[in-house]
Every structure is written in structure tokens, then in C-alpha cells.
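A short worksheet on the structure shown next.
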Amino acid sequence: MQDLGGKPVIVRTYEAAQATGLFDEVYVVTDSDVIFKEIEWHGGKAIMSQKEHDCGTDRIAEAVVHMDVDIVVNVQGDEPFTSKEGLEQVLSVFNGADADQIDLASLMTEIHDWREISDPNAVKVVVDKENFALYFSRSPIPYPRDKNAAVQYFKHKGIYAFRKQALLDFYRLPMTILEATEKIECIRFLEYGKRIKMAISNTQGIEIDTPEDLVRANKILKEEKRLPINNKYRNFPMVPKVVFGRGCFDQLTSIIGPHRKDKAPFIFLVDEVFKNKESVISRIPLRFNDKLLFISSFEEPKTEQVDVLVKSIKTEFTYRPSGIIGIGGGSILDLAKAVSIMLTNKGQASEYQGWDLVKNKAVYHVGIPTISGTGAEVSRTTVLTGPEKKLGINSDFTPFDQVVLDPELTDGVPKNQWFYTGMDCFIHCVESLNGTFLNEFSKSYGEKAYDLCLEIFLDPKVSPESAQEKLMMASWHGGMSIAYSQVGVAHAMSYGLSYVLGVKHGIGNCIVFQHLEDYYPEDVALFNQMIVHHGITLPKEVCRDLTPVQMDTMVSIALSLSPLWENALGPDWEQKVNAKVLMDLYRKM
Ligand code: NAD
Ligand code: ZN
């Protein structure tokens, strides 16, 4: 009944549970008149329990005996910050293939601090391979005989989802010795052979057990109200370490050395194009059980491909890798970022496509571009084609921990490919500099990269080596420029092409850009000069044989990218562009 931001804690908890929209009914079960009345007074539903009970689970069991229910979730009354995500996780286990083996489900969260691991107030849980609970204890379990053992500790969170029968069984079964010893309710289930499936949730809520917790909770509530103001400006992560220069690739050994953990391998994801290129491969510092995987960039990276790679790494190695090193173009760099994220985050890559959905820090990852232009080496995103959308995993954990910029590695890139990927950079600059989201941060990077592109692609005096170096930096700066603004029309339309026809990013941008004179007139003129200067021929009529359904998909994928359109055309972009306009443009391509 203590006050939390103007309402009693129990009312806040009730409202939080209801606001998740996950339940058919939400009740407060209580033996207190005061609480009962308070809930009703706030328009909620409460049930008065008749009997004295040892624990909350018994009280809930009494309440549901005569209810027609399938699954009952027990949310503790002192958890007003219960998150929807946590409840969704705990309920989701009943959708799995092993659902019929589950009597109840509960949540656990990763803990890392030894003080918390050894704190008897934090109940630890160990699970089997399928995340079924093996035991709960106030002791640290497992006991780490070797202090450096690569073991993940989990703390139990007091949220349970029961099948009705399990709850009734619990009610009937007397307390047994292990439960009584540890004073942990759910041990009773294990002692009677029930199966508890654990879901992982790493969102940090706070429980209110002490007056200090309440003070903290009140503070958090106030801060949450202020949040929109605090989030007005993007707090942008940058690559913390970068090495530049011809031949700096040889420094890789000393760069990654300090990040090597005992027995944990480095995994090198390398573009297949280097398979027979000894001058590069022989310099990759493979040690112990390190693994080198050649990856084709014939198609752009897919979420499914990420999942397969992660699974194979997890199956082959007991220890989580020391790091992931991506060596290749934008495709391989994005793949390396995504794999490093998915090694520490549960589920499938497609669940993380979007903005800030990644929960845990990725494993150490290094990006080594071998072709320049995309800016993938510096960006906060990885572009992935998923089952439903082509979209990045955009998060603070995505950027590389280290980038190695060695212009020599771009030797041997075929001319056409060099041009397409380089134009990705030019187009990033054009779209950023002409966008409504432009600010001095983006502009300062974008202008430099733009000027470098003009030198590289139009100035005959620039030597090939110098052009390699300049393009490597233009790519970096172009990437930084869009990171703090946005891309525009060419990218939106090129995503459509790529989704439906599998046209790759660089060439797709070129195919689109030549027809965008209405949007970027001067730069399309410059682009056409570059095409002539380098004798590039772009494919024509790529949309000629599209079925109406394909055309619709293409248009709707492009139009779905509203931030890109808003950057290009302003907040009222929907008045300026529509399906018909896009269709006419696509037909010209
Ligand atoms: P890519 O990685 O597909 O490589 C293009 C081709 O160049 C491939 O055939 C590759 O084998 C070859 N290649 C690479 N290095 C070479 C070398 N040194 N010698 C010879 N051949 C070499 O293409 P890309 O244009 O670098 O990247 C495109 C990808 O980047 C797309 O998947 C796109 O979505 C992504 N992208 C990501 C971001 C981001 O911010 N994360 C930004 C833009 C683009
Ligand atoms: Zn791009």
C-alpha cells in the first residue's frame, strides 16, 4: 500500500500487468481488506482469499480452483516494473514444440557480478540444455572450482506461468525438505518431479522489498517521465579503435592478442574471393583452435544465414568465441556484426531487425574492409534480408570494437564492382547532404566524403594508390554522415529492387540513381559523367518482366521505409510521393 508516484505499489503492479494486453483477466488475490478495496476503488478486479497460506502460490491456487483457466501467471504484488517483454518470454515457452512437457515456466536473468552470485538473497538457477530447471539455490550454483570457468550464472526472477493442474498439485503437495531448507517455493515442484522451463529475460526491473527500494523506484518513475527529453538527441556509438595504413593488416596478431580468452577461438569470416589469394590468407593469424570460414557474398546476407552460422559455431565450440573477425566487403562485414550479436542473444536474427532490440553486448568483433564505399565498417547497423523485411539490426552493440583499414586489401577489386560500391558512398553523401535531417555533425563528414568522391571518380590526376586510400576514408566519412542523418530516395528504391529481384546494394543504387534527376539534379548529372569517365554500362530494363504482384511488393517495400522518405522530402512526404510515382520510376529502370 506504499505510495509509488501517487498510487499504491499494488495498484501500479495491477495496471502494469493489465497494460501488457497479454491476459484475458487480471486479478489481485489478497487476504487484506484494505488491498481488496483499493483495487476495486481503482476499477480493478480482486479476489478475497479465504484461508491462511504459507505462500503466494497457494493463495493463487485457491483462487483458481473453480475457474476455467488454461495458464495462470503469478506476478508478485511488489513488482510494479514487471515488463511486457518478461511476461511475453515466460508465456512464449508454451508455444514451443516441447510445450506438453512443461508444467510451469519461469524467468531467469544473466548475472555477472560475483557479489550478486554469492548473495543468498539472489536465488540462482541451473538449467539443462533445453532450459529446463535442474535446481534452484541461494548458494552459487554451479560451484566454480576453476575461477575462470566460462560459465553463465542465472538469477531466478519471481514470475511464474502455471498450467492450472500444476498449480493445484502444488497446493495439495506438502512442503518437503529441500524447499524448507532453502526457503525457495519452486523447489517443491522439482522435488515432486515437475518440469519447469526457464525463459531468459535480461530487462532489469526493480523489486520493492525494502523502503530503500521504494525510494529508488520513485526516482525511476520520475526519470521515466523525463525520458522523451533525454532521448531527443541520439547518443551515437563510434568504433573505439581503428588502425589505418598500407600493410597495417599485419598488425592483426598484436591487435587481437589481448582479446584472446583461454580455449575460446577467434572465428574469421572471410569473403570467398580470397580463397586462393595466398598473399592475404597466409597473413591471417590462426592460432590453436581458431577457425577460418570462407563465405560467399554472391547474395546479400540473410537472417537465416546468420542463424546457421551461429548454430554451427555453438555446436563446434564449448567456449563462446574470443571474437569474430570479418574480412570482406559490406556483405561480410554485416554478417560478422550480426554473428557476433547473435552469439550472446537468444533466438533468431530476424527478431532483432529494427531499432535497439539487441539486449546483450556482442562478442568482440573486428571489421576489415577489402572494398570501400558502404561505410559498413563504421555504421551502427547491419543490413539483413529476413523472412519479412530487409532491415538492419541497429543497436549500440552493432558497431565493431576494432576496424583495420588497409587500403592494400582493396587490390584486385574488379572495376565495375569498385564503381558500384564507391557509388554507394557517393550516394550516401548526396542523400545525407540534401536531406531534411541534415545537421552540422553529418554535414562535416558528408562534405569531406563528397569532395573525396569527386576527386576519386573525376580527377584524372589522382594515382590508383591514392584513390584507394581516399576511397577508404570517404567510405568511413560517408558512413558517419548517414549515421547521424539518414539516406534517401535512392536507397529506399534500391531496397525494393533488392528485395524482389535480389539486385545487390551497390549496383541497385546506381540503377536507381541515374533516374532521380527530379530529386538530386546536379548530382545525377555528375553521376552520369562518372559513368562515362569510367566506361561503366549499367543494366537496362531490369523491371520489364515484373508481374503486377512483384511490382506491388517492390513499391510497398520502398514506401515502407518512411524515415528515408521523410529525410528526402520532409515530414509531408506522403503528399509528394505515392505508389504511382514509384511505379513510373521503376518502369524506367
Ligand atoms: P560485397 O560485400 O557484396 O562485395 C562485392 C563483391 O566484391 C563481392 O563479389 C566480393 O567477393 C568482391 N570483393 C570484395 N573485396 C574484394 C577484393 N579485395 N578483391 C576482389 N573482390 C573483392 O559488396 P559491398 O558493396 O562492399 O557491400 C554491399 C553490402 O553492404 C550489402 O549487403 C549492403 O546491404 C551492405 N551495406 C551495409 C551498410 C551498413 O551500414 N551496415 C551500408 C551500406 C551497405
Ligand atoms: Zn548504402
Mind checking which pairs have a first residue in region 316-332 that is under 19 Å from TRP418 (Cα atoms) and a second that is open to solvent by 10 Å² or more (accessible area, probe 1.4 Å) and among the charged types (D, E, K, R), Cβ under 7 Å, 6 or more apart or different chains? ILE327/ASP271; GLY328/ASP271; GLY329/ASP271; SER331/GLU300; ILE332/ASP271
Would you be able to say whether some residue in region 279-301 is within 20 Å of the chain's Cα centre (by Cα) and either open to solvent by 40 Å² or more (accessible area, probe 1.4 Å) or within 16 Å of ligand 2 (Cβ to nearest atom) (or both)? yes
From ILE102, ILE39, residue being more than 27 Å from the chain's Cα centre (by Cα), buried (at least 17 other Cβ atoms within 10 Å of the Cβ) and under 30 Å from LYS222 (Cβ atoms): ILE39
Counting only residues that are touching a helix residue (DSSP H, G or I) at 6+ places or on another chain (Cβ under 8 Å), under 19 Å from ASN74 (Cβ atoms) and open to solvent by less than 60 Å² (accessible area, probe 1.4 Å), region 133-173 contains a total of 14
Check off (1) surrounded by fewer than 23 Cβ atoms within 10 Å (Cβ to Cβ); (2) within 15 Å of ligand 1 (Cβ to nearest atom); (3) more than 24 Å from LYS302 (Cβ to Cβ); (4) among the small types (Gly, Ala, Ser) for GLY386 and give me the number that stays unchecked. (3)
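Residue-by-condition table, conditions (1) more than 12 Å from ligand 2 (Cβ to nearest atom); (2) touching a His at 6+ places or on another chain (Cβ under 7 Å); (3) modelled with pLDDT of 95 or more:
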{"residue": "GLY478", "(1), (2), (3)": "no, yes, yes"}
{"residue": "VAL487", "(1), (2), (3)": "no, yes, yes"}
{"residue": "CYS510", "(1), (2), (3)": "no, no, yes"}
{"residue": "VAL524", "(1), (2), (3)": "yes, no, yes"}
Taking region 315-331 and keeping only residues that are near ligand 1 (Cβ under 9 Å from one of its atoms) and part of a loop (DSSP other than H, G, I, E, B), one is left with GLY329
Pairs needed: first member in region 63-75, without any contact (Cβ under 8 Å) to a residue 40 or more places away in the chain; second member anywhere, outside any helix (DSSP H, G or I); C-beta distance under 7 Å; at least 6 residues apart or different chains. ALA63/TYR27; ALA63/VAL29; ALA63/ILE47; ALA63/SER49
Just name the residue that is nearest to SER485 (Cα to Cα) out of those in region 414-470 that are among the acidic types (Asp, Glu) and without any contact (Cβ under 8 Å) to a residue 12 or more places away in the chain. GLU440
VAL34: passes all of (1) open to solvent by 30 Å² or more (accessible area, probe 1.4 Å); (2) within 20 Å of TYR160 (Cα to Cα) but (2)
Mind counting the residues in region 332-357 that are of a type outside the set (Ser, Thr, Tyr) and either assigned to a helix (DSSP H, G or I) or crowded, with 24+ Cβ neighbours inside 10 Å (or both)? 13
Inspect all residues belonging to region 468-480 and state whether any of them is under 21 Å from ARG380 (Cα atoms) and out of contact with any Phe, Trp or Tyr (no Cβ under 9 Å at 6 or more places or on another chain). yes
For region 426-447, what are the residues that are surrounded by 24 or more Cβ atoms within 10 Å (Cβ to Cβ) and either more than 9 Å from ligand 1 (Cβ to nearest atom) or farther than 12 Å from SER475 by Cβ (or both)? PHE426, ILE427, CYS429, VAL430, GLU431, SER432, GLY435, TYR445, GLY446
Which of the residues belonging to region 59-97 are open to solvent by 30 Å² or more (accessible area, probe 1.4 Å) and charged (D, E, K, R)? ARG59, GLU62, ASP68, ASP70, ASP78, LYS84, GLU85, GLU88
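The values are calculated or read from the model by the stated rules, or taken from the named source; none is laboratory data. In this text the structure is predicted, and so the values were computed from the model without any measurement. Because the Cβ atoms are built from the backbone with ideal geometry, glycine has one as well, and the counts that use them run over all protein chains shown. Accessible surface areas use protein heavy atoms only, side chains included; no ligands, DNA or RNA. Shrake-Rupley method; radii C 1.70, N 1.55, O 1.52, S 1.80 Å.
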